Amino acid sequence: MYKLVILFKPLADWDEFEAAWPQFLHLVEKLPGLRREATSRIDKTLYGEVQYAQIHELFFDSQKDAERALGSPEGQAAGKLLQRITSGQIGLFFADHKEDDLENIRRFRKDRFESE
């Protein structure tokens with residue numbers, strides 16, 4: 001999988017952001033090739049100087065699919081709205097996403113340690 005990650009810095013006007021957030025989600029959920037999305041509100045920073053308040057992740061099958069989605073009319077509209085409601089206080093990046101389930105991880109650990 002491939003994902004677009006949006007990091008939100010703390011905003012001066014969270015009310016405007018919250019009012020427009022459903023409109024942003026509505027646009028994003030129409031992106032071609034979108035497989036799933038996730039939003040995380042950050043409660044506490046454990047380490048690091050850069051402070052973030054929220055993370056939003058958009059998952060696609062490939063980088064090509066993600067780039068195509070961002071270039072779509074919905075992607076362009078979502079990007080413009082996002083810039084307006086955050087005053088540019090965001091970071092965006094693409095990431096090659098790997099994921100494993102706990103059952104498989106435990107099986108790997110068990111097999112590895114039993115043979116030593």
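The values are calculated or read from the model by the stated rules, or taken from the named source; none is laboratory data. Everything numeric in this text was worked out from a predicted model, so none of it was measured. Note: ideal-geometry Cβ built from the backbone for every residue, glycine included; neighbour counts use all protein chains shown. Each accessible area value is taken on the protein alone, full model and side chains, heavy atoms only, with ligands, DNA and RNA left out. Shrake-Rupley method; radii C 1.70, N 1.55, O 1.52, S 1.80 Å.
Taking only region 21-42 into account, find how many residues are in a helix (DSSP H, G or I) and of a type in the set (Lys, Arg). Lay out the reasoning, then the answer.
Step one: list which residues in region 21-42 are in a helix (DSSP H, G or I), which gives 21-28.
After this cut, where a residue has to be of a type in the set (Lys, Arg) as well, the list is none.
Within region 21-42, residues that are in a helix (DSSP H, G or I) and of a type in the set (Lys, Arg) number 0.
Quick one: in region 53-69, which of the residues that are more than 19 Å from Glu29 (Cβ to Cβ) and free of Cβ contacts under 8 Å to residues at least 60 places away in the same chain is least open to solvent (accessible area, probe 1.4 Å)?
Once the filter is applied, the top-ranked residue is Ala53.
When you look at Phe94, is it within 17 Å of Tyr2 (Cα to Cα) and either assigned to a helix (DSSP H, G or I) or open to solvent by less than 80 Å² (accessible area, probe 1.4 Å) (or both), yes or no?
Working: within 17 Å of Tyr2 (Cα to Cα): yes; either assigned to a helix (DSSP H, G or I) or open to solvent by less than 80 Å² (accessible area, probe 1.4 Å) (or both): yes.
Answer is yes for this residue.
Yes or no: Leu4 open to solvent by less than 50 Å² (accessible area, probe 1.4 Å), of a type in the set (A, V, I, L, M, F, W, C) and at pLDDT below 95? Talk me through it step by step, then tell me what you get.
Numbers: open to solvent by less than 50 Å² (accessible area, probe 1.4 Å): yes; of a type in the set (A, V, I, L, M, F, W, C): yes; at pLDDT below 95: no.
Criteria not met by Leu4.
Going residue by residue through region 70-89, is there one that turns out to be closer than 16 Å to Val5 by Cβ and open to solvent by 90 Å² or more (accessible area, probe 1.4 Å)? Spell out the reasoning first.
The initial filter retains those residues of region 70-89 that are closer than 16 Å to Val5 by Cβ, namely 70, 75, 78-79, 82, 86, 89.
Add one more test, that the residue is open to solvent by 90 Å² or more (accessible area, probe 1.4 Å), and what stays is none.
Checked against the condition, which is being closer than 16 Å to Val5 by Cβ and open to solvent by 90 Å² or more (accessible area, probe 1.4 Å), region 70-89 yields no hits at all.
Okay, residues lined up against (1) within 15 Å of the chain's Cα centre (by Cα); (2) over 23 Å from Phe8 (Cβ atoms); (3) of a type in the set (Phe, Trp, Tyr):
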site	(1), (2), (3)
Ile42	yes, no, no
Ile55	yes, no, no
Leu58	yes, no, no
Asp61	yes, yes, no
Gly91	yes, no, no
Phe94	yes, no, yes
Asp100	no, yes, no
Arg107	no, yes, no
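Hey, among Val28, Val50, which residue is open to solvent by 30 Å² or more (accessible area, probe 1.4 Å) and free of Cβ contacts under 8 Å to residues at least 60 places away in the same chain?
Working: Val28 fails: open to solvent by 30 Å² or more (accessible area, probe 1.4 Å).
Residue meeting the stated conditions: Val50.
Criterion first (of a type in the set (Gly, Ala, Ser), out of contact with any Cys (no Cβ under 8 Å at 6 or more places or on another chain) and modelled with pLDDT under 95) does Ala38 satisfy it? Before the answer, list the steps.
On the way: of a type in the set (Gly, Ala, Ser): yes; out of contact with any Cys (no Cβ under 8 Å at 6 or more places or on another chain): yes; modelled with pLDDT under 95: no.
No.
Checking the condition touching a Lys or Arg at 6+ places or on another chain (Cβ under 8 Å), of a type in the set (D, E, K, R) and over 15 Å from Phe93 (Cβ atoms), which residue from Asp43, Asp13, Asp61, Asp65 passes?
Result of the check over Asp43, Asp13, Asp61, Asp65: Asp61.
Taking the conditions exactly as written (surrounded by 15 or more Cβ atoms within 10 Å (Cβ to Cβ) and more than 14 Å from His97 (Cα to Cα)), does Lys9 satisfy them or not?
Details: surrounded by 15 or more Cβ atoms within 10 Å (Cβ to Cβ): yes; more than 14 Å from His97 (Cα to Cα): yes.
Yes; evaluated as a whole, the condition is true for this residue.
Can you name the residue in region 97-116 that is in a loop (DSSP other than H, G, I, E, B) and loosely packed, with under 11 Cβ neighbours inside 10 Å and, of all such residues, is modelled with the lowest pLDDT? Break it down into steps so the answer makes sense when it comes.
Within region 97-116, the first condition is being in a loop (DSSP other than H, G, I, E, B), and the residues that meet it are 97-101, 115-116.
Now narrow it down to the ones that are loosely packed, with under 11 Cβ neighbours inside 10 Å: 98-101, 115-116.
Working: Lys98: 87, Glu99: 81, Asp100: 78, Asp101: 82, Ser115: 53, Glu116: 49.
By that ranking, first place goes to Glu116.
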